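Laboratory data are not the source of any read-out in this text; all were calculated from the coordinates shown. Just so we're clear, the structure is a prediction, and the values are computed from it rather than from any experiment. Note that we place each Cβ from the backbone using ideal geometry, even for glycine, and neighbour counts take in every protein chain shown.
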């Protein structure tokens, strides 16, 4: 698997400048927009970039698979299909984690610049930004894990169409779950709404991480099965 | 002697119109085997089956004496595939990568990858490591693939239409590389090609596939040295066809070309009929399209 991961890294390295550039732009725009309002949601930029990264890297890597028959050629290299799948998942997780860490760091560094808006750069805000970014990344990763088997089964173009439908469906489900009349939404607001307890936030994030890990394992198994059965 | 590649009775239904049917072929070390056939005859599908890219419905694929198809254990597949080099008709690397980055993409997959060998080939082939794959000409793309295929101590090279679209000089260079590759008698090349003149020069054996089935598997000498094309009138052709076993005829407006398996025997029996050496192209055309007795 290490060999497949190293090979995958060669592609990811070429993606870093463009994704980081787009991420930085989104971070700056969202951070400035929220800070100028004196809003407390300074973490919006970091969260947006953390949520965006897994989906962007998944699509970019799938796009590379599609280029010039690279996917078929790669299948002739001394890498098993399981290696290829595991390396892909590892790459997406690692890249997403690095991007999330980078945005949290950036957010922490830029925090003192917004003291004039009345927002103190306290450890509490840094902690909340970290948790919010991690949760955004994990939720986005869960969406990626749901979509990834489609990419290995149907290829990039077909899977892109299907995954848009899947994401729209998930969006509708999320909106229904988080509507004010829903007890789940009320419970979430009670524990993670205004002035949340750091321990509760940590537990909530750990819960999402466990869920994401379980989904990752299931998705990886399904992807391996469908990819092994696929003609290339 | 251990066969480097062996397909035994491989069958695979690809679509309603096309199937591989009972494909059997074998490659011994030191050979360049030409794999010919019309477009859609099944050359690439056979290669895909040999490389484990598709699962055969029946039959077995053996690489270096070990069974290696899509169902083989991962470790076996890894080990055996590390001994194969592949060159395709189009450069298969992501187009935005640079030549130098391709090594980082392909190299880590091979336990026996040699950076020095790759750098040597890149230098020898005149490839600029900073050029993007999308900016490479067809010939340069083929050379980049060849550099990858030869940098990990492969025992078997598989070329799928790799000479298609290359200019004569680039083809010549490629064929020289292939001849050097098999010169030690330990390596083999499977060369799938439409350009049969390449095989006239390099192939030790020629295998022809048509409509998913192997039509013939012959030493190249049996085609280019032994067989002949007799240029006859209609009457001579009828006589020749009646007397010579395995003859095939192609009718033209004012003459008939007859493929005879043994040119010398035909010349002795019919000295009045001119009989030229056959090229692989002639042989293929008459076997696939010619009329038998």
Suppose we keep only residues that are over 24 Å from residue A:61 (Cα atoms) and under 23 Å from the mean Cα position of the chain (by Cα) within the range B:126-141. Which one would you say is nearest to the other protein chains (Cβ to nearest Cβ)?
B:138
Inspect the range B:251-274 for any residue being within 30 Å of residue B:44 (Cα to Cα) and in contact (Cβ under 8 Å) with a residue 40 or more places away in the chain and give the result as yes or no.
no
Within the range B:156-170, work out how many residues are more than 16 Å from residue B:202 (Cα to Cα) and in a strand (DSSP E or B).
0
Lone unmet requirement of (1) more than 10 Å from chain A (Cβ to nearest Cβ); (2) surrounded by 20 or more Cβ atoms within 10 Å (Cβ to Cβ); (3) over 26 Å from residue B:164 (Cβ atoms); (4) out of contact with any helix residue (DSSP H, G or I) (no Cβ under 6 Å at 6 or more places or on another chain) for residue B:22
(2)
Taking residue B:79 as the residue in question, decide whether it is touching a residue at least 24 places away in the same chain (Cβ under 8 Å) and out of contact with any helix residue (DSSP H, G or I) (no Cβ under 8 Å at 6 or more places or on another chain).
no
If you go through the range A:43-88 one residue at a time, how many are more than 10 Å from chain B (Cβ to nearest Cβ) and touching a strand residue (DSSP E or B) at 6+ places or on another chain (Cβ under 7 Å)?
0
One residue is enough: does the range A:188-199 have a residue meeting the conditions over 22 Å from the mean Cα position of the chain (by Cα), touching a residue at least 60 places away in the same chain (Cβ under 8 Å), within 14 Å of another protein chain (Cβ to nearest Cβ) and assigned to a helix (DSSP H, G or I)?
no
The range B:76-92, residues that are more than 22 Å from the chain's Cα centre (by Cα) and at the interface with chain A (Cβ under 8 Å from one of its Cβ atoms)
B:77, B:78, B:79
Is at least one residue of the range B:53-74 assigned to a helix (DSSP H, G or I), within 10 Å of chain A (Cβ to nearest Cβ) and either in contact with a strand residue (DSSP E or B) (Cβ under 8 Å, 6 or more places away or on another chain) or surrounded by fewer than 17 Cβ atoms within 10 Å (Cβ to Cβ) (or both)?
yes
Kindly evaluate residue B:102 against the criterion of being more than 9 Å from chain A (Cβ to nearest Cβ), surrounded by 15 or more Cβ atoms within 10 Å (Cβ to Cβ), under 18 Å from residue A:72 (Cβ atoms) and touching a residue at least 12 places away in the same chain (Cβ under 8 Å).
no
For the range B:106-123, state whether one or more residues are closer than 22 Å to residue B:184 by Cβ, within 14 Å of another protein chain (Cβ to nearest Cβ) and surrounded by fewer than 17 Cβ atoms within 10 Å (Cβ to Cβ).
yes
On the basis of being under 23 Å from residue A:146 (Cβ atoms) and surrounded by fewer than 18 Cβ atoms within 10 Å (Cβ to Cβ), does residue A:92 make the cut?
no
